[in-house]
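The values are calculated or read from the model by the stated rules, or taken from the named source; none is laboratory data. Remember, predicted model here, so these are calculated numbers, not experimental data. All Cβ positions, glycine included, derive from the backbone under ideal geometry; neighbour counts span all protein chains shown. In case anyone asks, the SASA skips ligands and DNA or RNA and just uses the protein heavy atoms, side chains included. Shrake-Rupley method; radii C 1.70, N 1.55, O 1.52, S 1.80 Å.
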Amino acid sequence: MQIQWYPGHMNKAKNQIQDRLKLVDLVLEIRDARLPQSSTNPVLEQIIKAKQRIIILNKADLADPLMTQQWLRDLQAQQQMALALDAQHTNKLQVIQSAVQELMQAKIQKYQQSGVRNYKLRAMCIGIPNVGKSTILNKLVGKKVAVTGNKPGVTKNQNWLKTTSNLELLDTPGVLWPKIDDEQVGYNLALTGAISDRLIPVQDLAVYALEFWQHEYPDRLQTNYQLTEQELVLPPAKLLVYLTQKWTGNDDFERASRRIIQDIRQGLLGQYTLDRVQVNGE
Ligand SMILES: Nc1nc2c(ncn2[C@@H]2O[C@H](COP(=O)(O)OP(=O)(O)OP(=O)(O)O)[C@@H](O)[C@H]2O)c(=O)[nH]1
């Protein structure tokens with residue numbers, strides 16, 4: 001798989017995030033609920049760890065609800081505050097405000113004890129492209145704000161965006177590039193549209209998706225594509241051949257592959273979570 005990755009990018013992202021971290025009390029780390037693992041960066045994880053953090057599994061409306069619950073339990077078991085969100089269809093993000101107050105309890109108490117009333121809690125949104133950072137920022141602020149974070153170096157003076165509570169947000173979200181040294185992570189990111197699927201041959205992506213659905217959600221695959229029991233268990237590459245012939249009447253594998261990927265993105269194959277929680281013994 002050819003995915004361009006240069007250490008320079010990583011260093012730049014690392015330095016930018018590190019600089020901005022000094023300005024905030026906490027980090028709102030936005031992940032894709034379908035990819036709680038693949039949509040983060042293990043290297044930058046070390047830097048962020050130093051700060052108080054709330055992990056937001058966004059796009060929960062697209063993810064498998066049972067898996068989301070398992071992921072939340074898993075994160076909470078690691079003493080990590082985490083919540084699931086559908087920022088697209090939720091107007092008020094009170095759930096984030098409440099989590100911030102809970103996480104910052106000790107700091108709030110200190111302010112209160114020293115008689116400071118108009119204290120602010122400052123946060124930064126962080127996340128890989130397309131996870132919903134702008135959507136969340138806009139909704140927390142209550143209006144559409146220009147987000148300049150994806151253009152490194154543009155913003156010199158940091159602006160603070162006010163929300164309806166005592167939370168203020170840095171106007172430049174930190175872009176957390178995914179670390180793609182694992183082929184499966186690349187496939188997961190491409191399937192959800194987090195990275196361009198031109199980076200991976202479309203047929204490979206379709207075969208990967210078929211294999212995943214055969215394994216995790218066979219009923220939906222069977223119903224949606226009207227497969228017999230025998231067809232459902234074909235090796236995934238053979239299943240793609242079968243579907244291609246059925247749909248295109250010829251060997252237009254690319255068209256059939258695109259259809260499968262489109263069906264997944266449009267939700268025709270249901271809610272799904274590509275990163276599975278590792279349960280002990282698995
Ligand atoms: N279904 C669904 N879509 C969402 C949700 N949140 C955001 N989106 C959509 O996901 C796409 C990306 O959202 P953005 O808010 O632009 O994401 P971003 O992280 O700021 O993206 P970059 O600017 O690329 O870094 C948009 O089409 C949003 O409408 C959600 O909770 N559910």
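Condition check: within 30 Å of Ala77 (Cα to Cα) and either modelled with pLDDT under 95 or not basic (Lys, Arg) (or both). Does Tyr225 satisfy that?
No; evaluated as a whole, the condition is false for this residue.
When you go through (1) within 14 Å of the ligand (Cβ to nearest atom); (2) open to solvent by 30 Å² or more (accessible area, probe 1.4 Å); (3) at pLDDT 85 or above one by one for Gln184, which number turns out not to apply?
The failed condition is (1).
Which of the residues that make up segment 237-282 are closer than 30 Å to Arg73 by Cα and open to solvent by 20 Å² or more (accessible area, probe 1.4 Å)?
Arg265, Gln266, Gly267, Leu268, Gly270, Gln271, Arg276, Gln278, Val279, Asn280, Gly281, Glu282
Considering each residue of segment 43-65, count those that are under 17 Å from the mean Cα position of the chain (by Cα), open to solvent by 30 Å² or more (accessible area, probe 1.4 Å) and either under 23 Å from Arg265 (Cα atoms) or touching a residue at least 40 places away in the same chain (Cβ under 8 Å) (or both), and give that number. Quick ask: steps written out before the conclusion?
If we filter segment 43-65 for residues that are under 17 Å from the mean Cα position of the chain (by Cα), which is where we start, we get 43-45, 48, 53-65.
After this cut, where a residue has to be open to solvent by 30 Å² or more (accessible area, probe 1.4 Å) as well, the list is 43, 45, 59, 61-62, 65.
Going one step further and asking which of them are either under 23 Å from Arg265 (Cα atoms) or touching a residue at least 40 places away in the same chain (Cβ under 8 Å) (or both), we end up with 43, 59, 61-62, 65.
Residues meeting the conditions: 5.
Considering only segment 197-236, state which residues are in contact (Cβ under 8 Å) with a residue 40 or more places away in the chain, of a type in the set (A, V, I, L, M, F, W, C) and surrounded by fewer than 20 Cβ atoms within 10 Å (Cβ to Cβ).
If the condition is that a residue be in contact (Cβ under 8 Å) with a residue 40 or more places away in the chain, of a type in the set (A, V, I, L, M, F, W, C) and surrounded by fewer than 20 Cβ atoms within 10 Å (Cβ to Cβ), then Leu199, Val202 are the ones that fit.
Quick check on this structure: which one of Thr68, Thr40 is at pLDDT 95 or above and under 19 Å from the mean Cα position of the chain (by Cα)?
Thr68
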